[in-house]
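So the structure is just underneath, and the comments pick up after that.
Read the figures in this text as sums done on the coordinates, not as results from a lab. Just so it is clear, the model here is predicted, and its values are computed rather than measured. Note: ideal-geometry Cβ built from the backbone for every residue, glycine included; neighbour counts use all protein chains shown.
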Amino acid sequence: MDFDITFRGLILFGLEIRFYSLMILAGLLAGIVLAQFEAKRLGENPDHVLNIAVLGVVFGLIGARLYHVIDLWSFYSENPGQIFVLRAGGIGIFGAIAGAAFALVLYVWWVNRRARAGRGQRIRALRWFDIGAPAFLLGQAVGRWGNFFNKELYGPETSLPWGIPVGPEHHFPWDSGAAAYFHPLFLYESLLSFLGVIVLLWVGRRFGNSLRQGDLLFLYFIWYALERSALEFMRTDNWKVGDVPVAHLVSAVMIVVALLALFLWRRPPYLASGREDARRADTRPVEQPAARSRSAERRARRRTQGSETDTESPS
């Protein structure tokens with residue numbers, strides 16, 4: 001048969017296309033569309049969005065996979081060949097955030113390097129982080145549904161009507177052997193992320209005149225850190241250092257850094273044009289002549305008057 005469909009994905013001409021991958025791709029596309037819309041709204045060139053997205057996918061995937069591999073190093077150290085097998089999932093969102101942030105900084109450096117050579121205009125990293133913050137969170141909200149098709153990212157058993165059934169083959173060793181219903185943590189995180197997108201977009205429009213560049217990025221840090229920390233208490237497979245989940249440690253660092261930046265770091269206005277910022281940065285102040293004393297001014301006037309008298313022609 002050339003076509004078949006299973007719970008995990010599509011089988012087309014013998015090639016399996018996982019729904020997990022399709023949801024990640026859908027989240028990426030949704031984020032690109034939103035980022036382009038925000039770039040146009042703020043007077044920036046939307047062509048940068050696709051360039052940043054392509055670079056962000058590469059470094060984001062590297063960071064996300066690295067985070068996951070370190071998390072489950074006891075398994076991957078014995079099965080190194082599985083490190084590069086991504087079909088079944090296995091990415092860490094904190095690693096994706098770090099990788100995507102590095103990609104954006106790298107791209108801004110490259111664009112500004114070209115601008116110094118007279119090719120193009122300078123752009124600001126913080127301004128593009130503000131454009132990317134709600135877009136990245138939207139990508140997370142959509143992409144989390146890939147966990148549903150992989151039967152992963154669930155919490156403890158529940159009798160609530162929205163619990164998801166998970167067969168015994170997907171249980172952890174300490175779970176019961178029979179099929180049961182579990183808290184869908186992927187759903188909780190997706191809904192909270194969608195709400196976060198709405199909040200960030202509303203803040204950018206409602207308080208744009210009083211925001212500084214980078215404020216939406218730091219609000220994203222705070223929002224997602226609190227969101228992840230709250231859900232981490234329900235996870236049964238989280239990565240821990242001692243008895244403390246690593247996600248709580250990373251979230252605490254994100255919140256502290258964001259709060260310090262919001263209240264202590266002076267930055268350009270959020271609504272200031274990136275091109276105007278670049279022109280102001282390249283403009284050198286004109287030196288004003290030093291103030292002269294009154295006596296010096298009187299002497300200068302006498303010299304001027306004397307010069308005019310000497311040069312008068314007879315009538």
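If I stretch the segment between residue 198 and residue 121 completely, what's the gain in nm (0.36 nm per residue apart, minus their alpha carbon distance), one decimal?
Working: separation 77, 0.36 × 77 = 27.72 nm, distance 3.08 nm.
That pair, residue 198 and residue 121, stretches by 24.6 nm at full extension.
Could you work out how far apart the two model spin labels at residue 252 and residue 206 are, taking each label as a point 7 Å from the Cα in the direction of the beta carbon, and quote it in nm?
3.1
Go through 213-219, 22-28 and give me the packing order, highest mean Cβ count within 10 Å leading. Let's see the in-between values first.
Numbers: 213-219: 23.3, 22-28: 19.3.
Put in order of decreasing packing, that is 213-219, 22-28.
Cα extents of region 6-81 along the three principal axes, largest first, in whole Å?
The Cα atoms of region 6-81 stretch 51, 33, 17 Å along the principal axes, largest first.
Taking 7 Å along the Cα-to-C-beta vector as the label spot, tell me the residue 106-residue 12 distance in nanometres, rounded to one decimal.
Between residue 106 and residue 12, the simple spin-label model gives 3.0 nm.
With a cut-off of 20 Å, note down the residues of region 58-73 whose backbone N falls inside the zone around a label point 7 Å from the Cα of residue 113 toward its beta carbon.
So the set is 58-60.
Would you calculate the volume per residue, in Å³, of the smallest convex hull containing every Cα atom of region 20-281? Show your work: numbers first, answer last.
Details: hull volume 36.9 nm³, N = 262.
With only Cα atoms used, region 20-281 gives 141 Å³ per residue.
So how many Å³ per residue does the convex hull of the Cα atoms of region 88-160 work out to?
Values: hull volume 8.9 nm³, N = 73.
About 121 Å³ per residue, rounded to a whole number.
For labels at residue 158 and residue 259 in the simple 7 Å Cα→Cβ model, what's the distance in nm?
Once both label points are built, they end up 2.9 nm from each other.
When only C-alpha pairs under 8 Å and at least 6 residues apart count, what is the relative contact order of region 20-281, in percent? Present the calculation step by step, with values, prior to reporting the outcome.
On the way: 359 pairs, mean separation 54.8, N = 262.
It comes to 21 percent, rounded to a whole number.
Using R₀ = 35 Å, calculate the FRET efficiency as 1/(1 + (r/R₀)^6) where r is the Cβ-Cβ separation of residue 234 and residue 40; round to 0.05.
Working: r = 39 Å, r/R0 = 1.12.
Using R0 = 35 Å, I get an efficiency of 0.35.
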